[in-house]
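Please read the structure below before turning to the comments.
The values are calculated or read from the model by the stated rules, or taken from the named source; none is laboratory data. Computed from a predicted structure; not experimentally measured. Glycine also receives a Cβ, built like all others from the backbone with ideal geometry; neighbour counts cover every protein chain displayed.
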Amino acid sequence: MTMTELATCSAKGCSATAVWDLVWNNPKLHTPDRRKIWLACEDHRTSLSDFLGARGFLREVVPHDVDAD
């Protein structure tokens, strides 16, 4: 990713800049230490968190580190 490209939200059809990392794993598929990340804009933070949380996958929500892009 170049300096001009920003990470975008993982919500279907959304092209907004991500400001949150939704850290998750599926305990039926992943080892306990394995973490995956969905990116979320401010508008989709709750809906994506609710989706992962309802399945017991959500581990934490942290601010997205732009410098890591």
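For SER10, state whether it is polar (S, T, N, Q) and either loosely packed, with under 10 Cβ neighbours inside 10 Å or assigned to a strand (DSSP E or B) (or both). Judged against the criteria, SER10 is not a match. Looking only at residues in region 1-31 that are in contact with an Asp or Glu (Cβ under 8 Å, 6 or more places away or on another chain) and charged (D, E, K, R), the one that is modelled with the highest pLDDT is ASP21.
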